[in-house]
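The values are calculated or read from the model by the stated rules, or taken from the named source; none is laboratory data. Please read these numbers as outputs of a predicted model, since none were measured by experiment. Glycine gets a Cβ as well: all are built from the backbone with ideal geometry, and neighbour counts include every protein chain shown. Remember, those area values only see protein heavy atoms, side chains included, never the ligands or the DNA or RNA. Shrake-Rupley method; radii C 1.70, N 1.55, O 1.52, S 1.80 Å.
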Amino acid sequence: MTELSTTAPDLSPAAVEALVRRVYGIEGCTRPLAGERDQNCLVEAADGSRYVLKISNPSESPAIVDFQIAALDHIARMSPAQPVPRVVRTLAGHTHDTVALAGGVQTRVRMLSYLDGIQIRETVRTAAQRRAMGAGLAGLNRALHGFAHPGAAHELLWNVATAHRLGEQLGSLVDGKQRALAQAFMTRFTTHVLPRLASLRSQVIHNDYHLYNVLVAPDDQSRIVGIIDFGDMVHAPLVGEVATAAAFHMAGNADPFEGPAQFVAAYHAVQPLTGAEQEVVADLLATRHLITALISEWRAARYPENRAYIMRHNPAAWEGLAQMADLSRDTARDRLLAGVHVPVQTGVTP
(Lines give C-alpha, C1' and ligand atoms only; values in the text may rest on other atoms or scores of the structure.)
Protein backbone atom coordinates (compact mmCIF):
# COMPACT_ATOMS: atom_id res chain seq x y z
CA MET A 1 0.00 0.00 0.00
CA THR A 2 3.07 2.28 0.02
CA GLU A 3 2.29 4.30 -3.09
CA LEU A 4 -1.33 4.74 -1.93
CA SER A 5 -0.15 5.83 1.52
CA THR A 6 2.26 8.53 0.34
CA THR A 7 1.07 12.02 -0.53
CA ALA A 8 1.39 12.96 -4.18
CA PRO A 9 3.99 15.60 -5.16
CA ASP A 10 2.75 19.18 -5.08
CA LEU A 11 5.05 21.42 -7.08
CA SER A 12 3.79 24.95 -7.66
CA PRO A 13 2.70 26.00 -11.17
CA ALA A 14 5.80 28.17 -11.48
CA ALA A 15 8.04 25.26 -10.52
CA VAL A 16 6.30 22.97 -12.99
CA GLU A 17 6.66 25.50 -15.80
CA ALA A 18 10.35 25.97 -15.01
CA LEU A 19 10.78 22.20 -15.04
CA VAL A 20 9.08 21.87 -18.42
CA ARG A 21 11.25 24.66 -19.81
CA ARG A 22 14.47 23.11 -18.52
CA VAL A 23 13.81 19.48 -19.40
CA TYR A 24 11.71 19.74 -22.55
CA GLY A 25 12.47 23.18 -23.90
CA ILE A 26 8.79 24.07 -23.93
CA GLU A 27 7.53 27.50 -22.94
CA GLY A 28 3.97 27.29 -21.75
CA CYS A 29 1.43 27.51 -18.99
CA THR A 30 0.21 24.64 -16.83
CA ARG A 31 -2.85 23.67 -14.86
CA PRO A 32 -3.41 20.72 -12.54
CA LEU A 33 -5.14 17.51 -13.58
CA ALA A 34 -6.72 15.05 -11.15
CA GLY A 35 -4.71 12.05 -10.02
CA GLU A 36 -4.63 9.43 -7.32
CA ARG A 37 -0.90 8.91 -6.71
CA ASP A 38 1.03 11.28 -8.99
CA GLN A 39 0.99 15.01 -9.67
CA ASN A 40 -0.45 15.45 -13.16
CA CYS A 41 -0.41 18.71 -15.10
CA LEU A 42 -1.73 19.85 -18.44
CA VAL A 43 0.95 21.79 -20.29
CA GLU A 44 -0.12 24.16 -23.05
CA ALA A 45 2.73 25.48 -25.17
CA ALA A 46 2.79 28.89 -26.81
CA ASP A 47 2.03 27.31 -30.20
CA GLY A 48 -1.11 25.64 -28.84
CA SER A 49 0.39 22.15 -28.50
CA ARG A 50 -0.71 20.34 -25.35
CA TYR A 51 0.98 17.71 -23.22
CA VAL A 52 0.52 15.88 -19.92
CA LEU A 53 3.36 16.08 -17.42
CA LYS A 54 3.44 13.35 -14.77
CA ILE A 55 5.51 13.81 -11.61
CA SER A 56 5.63 10.40 -9.98
CA ASN A 57 4.80 9.66 -6.38
CA PRO A 58 8.20 9.38 -4.67
CA SER A 59 7.30 5.94 -3.34
CA GLU A 60 6.68 4.62 -6.87
CA SER A 61 9.45 2.25 -7.92
CA PRO A 62 11.55 3.49 -10.87
CA ALA A 63 11.01 0.07 -12.44
CA ILE A 64 7.25 0.67 -12.53
CA VAL A 65 7.65 4.06 -14.19
CA ASP A 66 9.98 2.46 -16.74
CA PHE A 67 7.39 -0.29 -17.27
CA GLN A 68 4.64 2.21 -18.04
CA ILE A 69 6.86 4.12 -20.47
CA ALA A 70 8.01 0.92 -22.20
CA ALA A 71 4.42 -0.29 -22.59
CA LEU A 72 3.38 2.87 -24.41
CA ASP A 73 6.42 2.63 -26.66
CA HIS A 74 5.59 -1.03 -27.34
CA ILE A 75 2.02 -0.18 -28.36
CA ALA A 76 3.27 2.62 -30.62
CA ARG A 77 5.56 0.17 -32.42
CA MET A 78 3.29 -2.87 -32.60
CA SER A 79 -0.09 -1.22 -33.13
CA PRO A 80 0.37 2.43 -34.08
CA ALA A 81 -3.34 2.90 -34.76
CA GLN A 82 -4.13 2.43 -31.07
CA PRO A 83 -5.34 5.79 -29.69
CA VAL A 84 -2.93 5.95 -26.75
CA PRO A 85 -0.56 8.73 -25.62
CA ARG A 86 2.94 8.88 -27.02
CA VAL A 87 5.99 9.35 -24.81
CA VAL A 88 7.63 12.75 -25.38
CA ARG A 89 11.43 12.70 -25.23
CA THR A 90 13.42 15.22 -23.21
CA LEU A 91 15.85 17.66 -24.82
CA ALA A 92 18.52 15.04 -24.17
CA GLY A 93 16.49 12.37 -25.93
CA HIS A 94 15.49 10.48 -22.77
CA THR A 95 12.08 9.06 -21.86
CA HIS A 96 12.13 10.69 -18.42
CA ASP A 97 14.07 12.96 -16.08
CA THR A 98 14.22 13.55 -12.34
CA VAL A 99 13.14 16.36 -10.05
CA ALA A 100 13.90 17.09 -6.41
CA LEU A 101 10.92 17.38 -4.10
CA ALA A 102 10.74 18.83 -0.61
CA GLY A 103 13.48 17.44 1.59
CA GLY A 104 15.64 16.58 -1.40
CA VAL A 105 13.68 13.45 -2.33
CA GLN A 106 14.17 12.59 -6.00
CA THR A 107 11.36 11.35 -8.23
CA ARG A 108 10.81 10.76 -11.94
CA VAL A 109 9.18 13.11 -14.41
CA ARG A 110 7.77 12.16 -17.82
CA MET A 111 5.71 13.83 -20.48
CA LEU A 112 3.02 12.37 -22.73
CA SER A 113 1.16 13.70 -25.71
CA TYR A 114 -2.29 15.08 -24.89
CA LEU A 115 -5.27 13.33 -26.49
CA ASP A 116 -8.30 15.37 -27.48
CA GLY A 117 -11.78 13.97 -27.00
CA ILE A 118 -14.71 13.77 -24.61
CA GLN A 119 -14.58 11.55 -21.56
CA ILE A 120 -17.29 8.92 -21.89
CA ARG A 121 -18.62 9.85 -18.44
CA GLU A 122 -19.78 13.15 -19.98
CA THR A 123 -21.79 11.54 -22.78
CA VAL A 124 -25.15 9.83 -23.13
CA ARG A 125 -24.44 6.13 -22.84
CA THR A 126 -25.57 3.89 -25.71
CA ALA A 127 -25.29 0.25 -26.71
CA ALA A 128 -23.15 1.24 -29.70
CA GLN A 129 -20.75 3.04 -27.41
CA ARG A 130 -20.47 0.05 -25.06
CA ARG A 131 -19.78 -2.25 -27.98
CA ALA A 132 -17.10 0.13 -29.24
CA MET A 133 -15.52 0.13 -25.80
CA GLY A 134 -15.53 -3.66 -25.61
CA ALA A 135 -13.97 -4.06 -29.04
CA GLY A 136 -11.51 -1.26 -28.26
CA LEU A 137 -10.27 -2.93 -25.09
CA ALA A 138 -9.86 -6.23 -26.93
CA GLY A 139 -7.72 -4.45 -29.52
CA LEU A 140 -5.59 -2.83 -26.81
CA ASN A 141 -5.09 -6.19 -25.12
CA ARG A 142 -3.97 -7.69 -28.42
CA ALA A 143 -1.46 -4.87 -28.81
CA LEU A 144 -0.08 -5.59 -25.33
CA HIS A 145 0.06 -9.35 -25.85
CA GLY A 146 3.63 -10.58 -25.66
CA PHE A 147 4.94 -7.41 -24.00
CA ALA A 148 7.20 -8.20 -21.05
CA HIS A 149 9.01 -5.98 -18.58
CA PRO A 150 10.60 -6.58 -15.14
CA GLY A 151 8.26 -4.01 -13.59
CA ALA A 152 5.10 -5.69 -14.86
CA ALA A 153 4.81 -8.15 -11.97
CA HIS A 154 4.62 -5.46 -9.29
CA GLU A 155 2.05 -5.66 -6.52
CA LEU A 156 -0.95 -3.40 -7.03
CA LEU A 157 -3.97 -3.08 -4.76
CA TRP A 158 -6.17 -2.34 -7.78
CA ASN A 159 -5.54 -5.85 -9.17
CA VAL A 160 -8.73 -7.90 -8.75
CA ALA A 161 -6.67 -11.09 -8.74
CA THR A 162 -5.16 -10.12 -5.39
CA ALA A 163 -8.28 -8.81 -3.67
CA HIS A 164 -7.64 -11.03 -0.65
CA ARG A 165 -4.83 -8.70 0.42
CA LEU A 166 -7.50 -6.14 1.32
CA GLY A 167 -9.11 -8.43 3.88
CA GLU A 168 -7.83 -6.37 6.79
CA GLN A 169 -9.76 -3.36 5.49
CA LEU A 170 -13.10 -5.09 6.12
CA GLY A 171 -12.94 -4.37 9.81
CA SER A 172 -12.56 -0.64 9.20
CA LEU A 173 -15.98 -0.34 7.52
CA VAL A 174 -18.23 1.55 9.93
CA ASP A 175 -21.58 0.57 8.42
CA GLY A 176 -22.51 -2.95 9.56
CA LYS A 177 -24.57 -3.79 6.46
CA GLN A 178 -21.76 -2.70 4.16
CA ARG A 179 -19.26 -4.71 6.19
CA ALA A 180 -21.38 -7.86 5.93
CA LEU A 181 -21.88 -7.31 2.20
CA ALA A 182 -18.17 -6.83 1.60
CA GLN A 183 -17.31 -9.88 3.71
CA ALA A 184 -19.70 -12.06 1.69
CA PHE A 185 -18.08 -11.10 -1.60
CA MET A 186 -14.58 -11.46 -0.18
CA THR A 187 -15.48 -15.00 0.88
CA ARG A 188 -16.88 -15.69 -2.59
CA PHE A 189 -13.61 -14.52 -4.13
CA THR A 190 -11.29 -16.47 -1.85
CA THR A 191 -13.38 -19.65 -2.02
CA HIS A 192 -14.42 -19.87 -5.67
CA VAL A 193 -12.11 -17.62 -7.68
CA LEU A 194 -8.67 -17.33 -6.12
CA PRO A 195 -7.82 -21.06 -6.48
CA ARG A 196 -8.55 -20.91 -10.24
CA LEU A 197 -6.65 -17.80 -11.24
CA ALA A 198 -3.20 -19.33 -11.64
CA SER A 199 -4.48 -21.58 -14.45
CA LEU A 200 -5.91 -18.72 -16.54
CA ARG A 201 -4.26 -16.65 -19.30
CA SER A 202 -2.29 -13.69 -18.06
CA GLN A 203 -0.50 -10.76 -19.66
CA VAL A 204 0.06 -7.04 -19.18
CA ILE A 205 -3.34 -5.32 -18.91
CA HIS A 206 -4.46 -1.67 -18.74
CA ASN A 207 -6.54 -2.44 -15.63
CA ASP A 208 -8.34 0.91 -15.48
CA TYR A 209 -10.44 1.05 -18.66
CA HIS A 210 -13.43 3.02 -17.49
CA LEU A 211 -15.60 6.03 -18.27
CA TYR A 212 -12.99 8.58 -17.18
CA ASN A 213 -10.14 7.01 -19.15
CA VAL A 214 -11.74 6.46 -22.56
CA LEU A 215 -12.31 9.41 -24.89
CA VAL A 216 -14.74 9.64 -27.81
CA ALA A 217 -15.09 12.01 -30.74
CA PRO A 218 -17.38 15.03 -30.22
CA ASP A 219 -19.22 14.30 -33.48
CA ASP A 220 -19.50 10.54 -32.98
CA GLN A 221 -19.70 9.45 -29.38
CA SER A 222 -19.36 5.78 -30.24
CA ARG A 223 -15.96 6.34 -31.89
CA ILE A 224 -13.07 5.97 -29.48
CA VAL A 225 -10.29 8.50 -30.00
CA GLY A 226 -8.30 8.11 -26.81
CA ILE A 227 -7.32 5.63 -24.07
CA ILE A 228 -5.49 7.29 -21.19
CA ASP A 229 -4.10 6.68 -17.69
CA PHE A 230 -1.84 3.63 -17.83
CA GLY A 231 -0.85 4.04 -14.18
CA ASP A 232 -2.61 0.86 -13.00
CA MET A 233 -1.08 -1.48 -15.57
CA VAL A 234 0.03 -4.84 -14.23
CA HIS A 235 0.70 -8.39 -15.39
CA ALA A 236 -2.45 -10.24 -14.31
CA PRO A 237 -5.17 -12.61 -15.53
CA LEU A 238 -6.64 -11.30 -18.78
CA VAL A 239 -10.20 -11.97 -17.61
CA GLY A 240 -9.60 -9.53 -14.75
CA GLU A 241 -9.21 -6.80 -17.37
CA VAL A 242 -12.60 -7.63 -18.88
CA ALA A 243 -14.35 -7.87 -15.52
CA THR A 244 -12.83 -4.63 -14.27
CA ALA A 245 -13.97 -2.72 -17.33
CA ALA A 246 -17.42 -4.33 -17.42
CA ALA A 247 -18.10 -3.33 -13.81
CA PHE A 248 -18.33 0.33 -14.82
CA HIS A 249 -21.28 -0.37 -17.12
CA MET A 250 -23.73 -1.57 -14.45
CA ALA A 251 -25.02 1.84 -13.40
CA GLY A 252 -27.68 3.77 -15.30
CA ASN A 253 -29.87 0.95 -16.62
CA ALA A 254 -33.04 -0.68 -15.30
CA ASP A 255 -31.27 -3.99 -15.87
CA PRO A 256 -27.81 -3.63 -14.31
CA PHE A 257 -26.45 -6.44 -16.52
CA GLU A 258 -27.57 -4.92 -19.80
CA GLY A 259 -24.55 -2.66 -20.24
CA PRO A 260 -21.92 -5.12 -18.99
CA ALA A 261 -23.35 -7.88 -21.22
CA GLN A 262 -23.10 -5.65 -24.30
CA PHE A 263 -19.54 -4.75 -23.39
CA VAL A 264 -18.43 -8.34 -22.75
CA ALA A 265 -20.06 -9.65 -25.93
CA ALA A 266 -18.21 -7.07 -28.04
CA TYR A 267 -14.93 -7.89 -26.32
CA HIS A 268 -15.51 -11.62 -26.82
CA ALA A 269 -16.20 -11.12 -30.54
CA VAL A 270 -12.65 -9.78 -30.97
CA GLN A 271 -10.78 -11.60 -28.20
CA PRO A 272 -12.77 -14.71 -27.20
CA LEU A 273 -12.88 -15.64 -23.54
CA THR A 274 -12.11 -19.25 -22.75
CA GLY A 275 -14.64 -21.41 -20.93
CA ALA A 276 -12.60 -21.17 -17.72
CA GLU A 277 -12.53 -17.38 -18.01
CA GLN A 278 -16.26 -17.23 -18.58
CA GLU A 279 -16.76 -19.18 -15.36
CA VAL A 280 -15.20 -16.46 -13.20
CA VAL A 281 -15.73 -13.20 -15.09
CA ALA A 282 -18.92 -12.30 -13.17
CA ASP A 283 -17.24 -13.10 -9.86
CA LEU A 284 -14.36 -10.81 -10.79
CA LEU A 285 -16.78 -8.07 -11.82
CA ALA A 286 -18.16 -8.18 -8.28
CA THR A 287 -14.61 -8.28 -6.93
CA ARG A 288 -13.82 -5.04 -8.75
CA HIS A 289 -16.74 -3.37 -6.99
CA LEU A 290 -15.46 -4.84 -3.72
CA ILE A 291 -11.93 -3.48 -4.02
CA THR A 292 -13.23 -0.11 -5.24
CA ALA A 293 -15.37 0.19 -2.12
CA LEU A 294 -12.61 -0.91 0.26
CA ILE A 295 -9.79 1.17 -1.21
CA SER A 296 -11.86 4.32 -1.61
CA GLU A 297 -13.26 4.15 1.94
CA TRP A 298 -9.76 3.73 3.35
CA ARG A 299 -8.11 6.44 1.24
CA ALA A 300 -10.91 9.00 1.70
CA ALA A 301 -10.47 8.74 5.45
CA ARG A 302 -6.71 9.13 5.08
CA TYR A 303 -6.79 11.99 2.56
CA PRO A 304 -10.00 13.98 3.17
CA GLU A 305 -8.69 16.88 1.04
CA ASN A 306 -8.86 14.58 -2.04
CA ARG A 307 -12.12 12.91 -1.01
CA ALA A 308 -14.18 13.94 -4.04
CA TYR A 309 -11.74 12.35 -6.47
CA ILE A 310 -11.11 9.24 -4.37
CA MET A 311 -14.82 8.55 -3.79
CA ARG A 312 -16.04 9.16 -7.36
CA HIS A 313 -16.69 5.45 -7.99
CA ASN A 314 -17.66 4.49 -4.43
CA PRO A 315 -21.48 4.81 -4.62
CA ALA A 316 -21.65 2.77 -7.83
CA ALA A 317 -19.44 0.09 -6.27
CA TRP A 318 -21.73 -0.40 -3.29
CA GLU A 319 -24.76 -0.32 -5.59
CA GLY A 320 -23.22 -2.98 -7.82
CA LEU A 321 -22.51 -5.27 -4.87
CA ALA A 322 -26.06 -4.83 -3.57
CA GLN A 323 -27.49 -5.68 -7.00
CA MET A 324 -25.46 -8.90 -7.13
CA ALA A 325 -25.94 -9.91 -3.50
CA ASP A 326 -29.05 -12.06 -4.01
CA LEU A 327 -27.91 -13.70 -7.26
CA SER A 328 -26.32 -17.12 -7.42
CA ARG A 329 -22.97 -17.30 -9.16
CA ASP A 330 -24.61 -19.22 -12.02
CA THR A 331 -27.26 -16.54 -12.52
CA ALA A 332 -24.78 -13.66 -12.45
CA ARG A 333 -22.55 -15.47 -14.93
CA ASP A 334 -25.39 -16.24 -17.33
CA ARG A 335 -26.72 -12.68 -17.29
CA LEU A 336 -23.28 -11.20 -17.91
CA LEU A 337 -22.63 -13.62 -20.78
CA ALA A 338 -26.07 -13.23 -22.35
CA GLY A 339 -24.55 -11.97 -25.60
CA VAL A 340 -21.76 -14.54 -25.75
CA HIS A 341 -22.99 -17.39 -27.88
CA VAL A 342 -20.48 -19.96 -26.73
CA PRO A 343 -21.52 -22.62 -24.19
CA VAL A 344 -19.77 -22.55 -20.85
CA GLN A 345 -19.18 -25.29 -18.34
CA THR A 346 -22.08 -26.01 -16.00
CA GLY A 347 -22.33 -26.95 -12.39
CA VAL A 348 -20.93 -23.85 -10.73
CA THR A 349 -21.67 -23.92 -7.03
CA PRO A 350 -24.26 -21.26 -6.04
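Table for the structure above
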item: Accessible area per residue in Å² at 1.4 Å probe, computed on the stretch 249-350; result: 39 Å²
item: Note, ³J(HN,Hα) from phi for the stretch 93-106, Karplus 6.51, -1.76, 1.60, rounded to Hz, x at Gly and Pro; result: x, 9, 7, 7, 9, 10, 9, 8, 9, 4, x, x, 5, 9
item: For the stretch 1-74: accessible area per residue (Å², 1.4 Å); result: 41 Å²
item: Förster radius 51 Å - calculated FRET efficiency between Ala45 and Ala301, Cβ distance, rounded to 0.05; result: 0.85
item: Ordering of 229-235, 279-285, 97-103, 83-89 by burial proxy (mean other Cβ atoms within 10 Å per residue, highest first); result: 279-285, 229-235, 83-89, 97-103
item: At most 15 other Cβ within 10 Å, DSSP loop - GluC sites (Glu not before Pro), the stretch 112-190; result: Glu155
item: Inter-label distance for His145 and Arg201, nm, one decimal - labels placed 7 Å from Cα along Cα-to-Cβ; result: 0.6 nm
item: Heavy-atom accessible surface of the chain: percent carbon and sulfur, 1.4 Å; result: 54 percent
item: The chain: DSSP helices with Cα axial extent of at least 27 Å and average Kyte-Doolittle hydropathy no lower than -0.5; result: 275-302
item: For the chain: relative contact order, % (alpha-carbon pairs under 8 angstrom, 6 or more apart); result: 16 percent
item: Part-to-part distance (alpha-carbon centres) for the stretch 128-173 and the stretch 44-77, which is given in Å; result: 19 Å
item: Accessible surface, per residue, of the stretch 103-201 when the full set of protein chains is kept, probe 1.4 Å, Å²; result: 48 Å²
item: Residues Ala14 and Gln106, FRET efficiency given R0 of 25 Å [Cβ-Cβ distance, rounded to 0.05]; result: 0.80
item: Using θ = phi - 60° and Karplus 6.51 cos²θ - 1.76 cosθ + 1.60, couplings along the stretch 193-199 (whole Hz; Gly, Pro as x); result: 10, 3, x, 8, 5, 5, 8
